[in-house]
Amino acid sequence: MLRYALKELVKRKKKYALNILVISLVVVLLITLTSLNTAYKDASKLPFESIHSSIIVQKNGNVAENTTGALVSCSLAPIKKDLISNIKSLDGVSEVSYGLSLWVFDEDTFKRVLGVNWDDSLGRKIKSKIYVGSLPQSDEKIIVEKTFAQENNIILNQKIIISGEAFIVAGLSETSGKDIVSSDIYANLKPVQEMAYNSKNLQDTETFDRSDINIIFVDAKQTKVADVSEELDSLLNKQDSFSGKTPTGQKIGSYSIYTPESFENQISSIFNISDKIVLLLTIVILIGTALILFKSMAHAITERKKEFGIMKAVGFTNKDLKKQLTLEILIQVIVGFLIGILISLMVLFALSGLTVSVNIPWELNPYPHFLASDPSSVNTIQTYPLPIQFNPQQVILPMLSILIISFLTIHILLKNIGKLKPMEVLKYE
Amino acid sequence: MNELITVKELSKTLGKVKAVNNISFSINNGELVAIQGHSGSGKSTLLSLLSGLEKQDEGEILFDNMKIGNMSEDDLALFRRKNVGIVFQSFNLIPTLNVVENIALPLFPTNINKKEMMAKAQKSAESVGLKDRLDHYPNELSGGEQQRVAIARALINDPKVLFADEPTGNLDSKTGKKILELLQSLNKEIGLTVVMVTHDDSIAKVCDRIIKLKDGGIQDE
């Protein structure tokens, strides 16, 4: 029967070309649509990829009146360390790391300083970027970022002054400029906290205790990110009223909670299609496919009525006919699929040349934007290659849909063939 | 000789016309029988009833002691596959299959392996003189050759009876004669029972027995 099915398709290829074309087209459309949808969702996670974290928590604070000495970066307010244990207890949270990010306006240079614990996920991430030297073994030792070191001629074991305190360069790291929280200097958390505590300008702007921090990274299970984010919001933003706003309009004293989803709305592209539109388009495509395939198959079966009469006359049962037609459809589906997947791969390859721009909230950007006259005018857009890829799972939906449509069509059409009496089509030939 | 087919008080109405009207007769194993009559006499309808292509309205057909009138459509298909070979006036070959595949068509839905299937089809083709035309398609064959393919297809399952509906009707007289000789030789040499519908007296004359129909009834036997 396979031989007959193959012969039928090869000898009457023009007749079946439309079916194969439609199947291929549906595969291409559905795979491209879902790939684009997934790619833009994944793109929103890219800013978070560099920090291996799923949620960032910051508190919005006051803007310093002048830029001298050490200040909390991005006008962020100090956060009490006690909060960490509350966050850790939330359902879905797997790890919490934290740090203190400072901007230090020394007379010679401006420095971004980040104090970390080297054994938490944030510390481990920075540790993995050290390419020369070693981890700071004491509070006087620091890691310097490669570009900053090159620009300022800093070498290993050199002594440098930060906010009046002397530090020794223990190692050099290579962090990406695209990182949400990147810094020029990485140090143990304690000396950075001391630096902040002793900064008069900082203490005039915010009240800073020795154990305070100003940035929290929360690792949550992927499926729980939205729930944890909501719980954090209700835990941290209990206050009804806040006094004053930051330059970007955040309420002073409120907590900002950033998740990959926070960035989804920041991506602007005609290809960034919402889930609802993808679903709607998928339904429209599948309905169109069902109609075209039904009409095409009905036409092909009507044209072969005589053949079915011959087959019945020589002993084919209705079950045999169904098997024969199913085999023919299955071959068309497989051929259509293979062509569709091949074209999809080419389309996805072409689309991988696209880039996606993500607008990073200025509080997460390491550059001191308040130095600009209009902070909102500072370009905080970061561009990434569109992370589009072929996922074999994306084949399942079009495959199942087309198989269901095809077999339903055969089932409906076979009811008519089943009633066909051989003599009706053969005797008056 | 044993009775192969027994027909009792058989009737079939097509539309408002009683195409077969209360007829009874029997056909023995190894007979070459002609069913003769003018156009509209009911001969083709009778052949389709005997071969299980259609069901009677009244009466009974016993085929090798099996009542075929009570069978379901699928059981009738299986009955035809196992017991009868049918040859039509217009050959009725599948245009996308070559000679050997057309001959093997009745074996496609069976569990027989491909090698054996093709060997049987080739043997059947050889028995009708088509040894050199196995790879040809129906549109590459003459009318006579196409009818030979149809006969070979009808023979592939070693049927108990071969039903032929005007087998020479679409052929010129010379080719028709050769086909008739082929059917005669199958009857004489392998003892195959052949039931042939024809309106042609010269064809009917070579048969062992002629059942003449008129207006759905038996006029003469």
Taking the Cα centre as origin and putting +1 on Lys and Arg beta-carbons and -1 on Asp and Glu beta-carbons, what dipole magnitude results for the range B:46-97, to the nearest 20 debye? 280 debye
Hey, which aspartates and glutamates would be in cross-link range of residue A:81, C-alpha to C-alpha under 19 Å, not counting anything within fewer than 8 residues on its own chain? A:95, A:119, A:120, A:194, A:206, A:209, A:212, A:219, A:231, A:233
So, in nm, how far is label residue A:68 from label residue A:21 when the simple model puts each one 7 Å beyond its Cα toward the Cβ? 7.8 nm
For chain A, with only Lys/Arg (+1) and Asp/Glu (-1) charged at the beta-carbon, what is the dipole magnitude about the Cα centre, in debye rounded to 20? 3880 debye
What does the helix-only formula give at 222 nm for chain A: each DSSP H stretch with n ≥ 4 adding -39500 (n - 2.57), the total divided by the residues, and the result rounded to the nearest 500 deg cm²/dmol? -14500 deg cm²/dmol
Antiparallel content of DSSP bridges confined to the range A:81-233, in %, to 5: 70 percent
In whole Hz, with x marking every Gly and Pro, tabulate ³J(HN,Hα) for the range A:295-306 from phi via Karplus 6.51 cos²θ - 1.76 cosθ + 1.60, θ = phi - 60°. 5, 5, 5, 4, 5, 4, 5, 4, 5, 9, 3, 4
For chain A, give me the percentage of DSSP beta bridges that are antiparallel, rounded to the nearest 5 percent. 80 percent
Between residue B:17 and residue A:407, with labels modelled 7 Å along Cα→Cβ, what's the label distance in nm to one decimal, could you check? 4.5 nm
Estimated FRET transfer efficiency when R0 is 41 angstrom, pair residue A:118-residue A:251 (beta carbons, to 0.05): 0.75
Show me, bin by bin at 5 Å from 0, the whole-percent P(r) of the range A:1-148 based on Cα pairs. 2, 6, 10, 12, 12, 12, 8, 5, 4, 4, 4, 4, 4, 4, 4, 2, 1, 0
May I ask for the net charge around residue A:147, where only other residues with Cβ less than 10 Å from the Cβ of residue A:147 are counted and Lys, Arg are +1 while Asp, Glu are -1? -3
Candidate lysines for bridging to residue B:12, where Cα separation is under 20 Å - those fewer than 8 sequence places away on the same chain excluded: A:419, A:421, A:427, B:43, B:55, B:67, B:212, B:214
Per-q log10 I(q)/I(0), chain B, q = 0.16, 0.17 Å⁻¹ (Debye; single scatterer per alpha-carbon; no solvent): -1.10, -1.22
Asserting the computed 222 nm helical MRE of chain B (DSSP H runs at least 4 long, -39500 (n - 2.57) per run, divided by residue count, to nearest 500) equals -10000 deg cm²/dmol
Quick check: residue separation of residue B:208 and residue B:113 times 0.36 nm, minus the Cα distance between them. What number comes out in nm? 30.4 nm
Can you tell me the FRET efficiency between residue A:233 and residue B:75 if r is taken as the Cβ-Cβ distance and R0 is 60 Å, rounded to the nearest 0.05? 0.25
Return the FRET efficiency for the residue pair residue A:274, residue B:57: r is the Cβ-Cβ distance, R0 is 51 Å, and the value is rounded to the nearest 0.05. 0.20
On average, how many beta carbons from a partner chain sit within 10 Å of the beta carbon of a residue in A:205-211? 0
Once you average over the residues of A:403-414, how many Cβ atoms of partner chains fall within 10 Å of each Cβ? 0
Please give the contour-minus-distance gain from residue B:215 to residue B:66: 0.36 nm per residue of separation, less the Cα-Cα distance, rounded to one decimal in nm. 50.9 nm
Just how far, in whole angstrom, is the range B:182-221 from the range A:114-187 if you go by their alpha carbon centroids? 107 Å
Rank by packing, highest mean first: peptides B:104-111, A:81-88, with packing defined as the count of other Cβ atoms within 10 Å averaged across residues. B:104-111, A:81-88
Modelled label-to-label distance, residue A:151 and residue B:185, 7 Å Cα→beta-carbon offset: nm? 10.1 nm
Out of the DSSP beta bridges found with both residues in chain B, what percent are antiparallel (nearest 5)? 50 percent
How tilted is helix B:173-189 with respect to the longest principal axis of chain B? Cα atoms for both, answer in degrees (0 to 90, nearest 10). 80 degrees
Computed curve, the protein assembly as shown, Cα-only Debye sum without solvent term, log₁₀ I(q)/I(0) at 0.05, 0.09, 0.10 Å⁻¹, is -0.49, -0.79, -0.91
Selection from B:20, B:96, B:175, by position along the positive dipole direction of chain B (Cβ): B:96
If packing is taken as the average number of other Cβ atoms within 10 Å across a peptide's residues, how do A:65-74, A:199-208 rank, most packed first? A:65-74, A:199-208
So what's the range A:386-429 giving for Cα Rg divided by 2.2 N^0.38 Å, two decimals? 2.13
In sequence order, what are the phi-derived ³J(HN,Hα) couplings for the range A:411-423 according to the Karplus relation 6.51 cos²θ - 1.76 cosθ + 1.60 with θ = phi - 60°, rounded to whole Hz, with x for glycine and proline? 4, 5, 5, 5, 4, 6, 5, x, 7, 5, 9, x, 5
Given 10 Å bins starting at zero, what is the percent of C-alpha pairs of the range A:64-135 in each, up to the one with the largest pair distance? 16, 36, 33, 14, 1
With a Cα-only, solvent-free Debye model of the range B:59-125, what are the log10 I(q)/I(0) values at q = 0.15, 0.21 Å⁻¹? -0.62, -0.99
Given H placed on each backbone N at 1.01 Å, which residues far from residue A:162 in sequence or on other chains put an amide H within less than 5 Å of it? A:167
So how much slack lies between residue A:198 and residue A:342, counting 0.36 nm per residue of separation and subtracting their Cα-Cα distance, in nm? 45.5 nm
Using a cut-off of 17 Å between alpha-carbon atoms, which lysines can reach residue B:177, once sequence neighbours fewer than 8 places away in the same chain are excluded? B:188, B:205
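Rule-based calculations on the coordinates, nothing more; no lab input. Note that the structure is a prediction, hence the values are computed from the model and not measured. Reconstructed Cβ throughout: ideal geometry from the backbone, glycine too, with neighbour counts over all protein chains shown.
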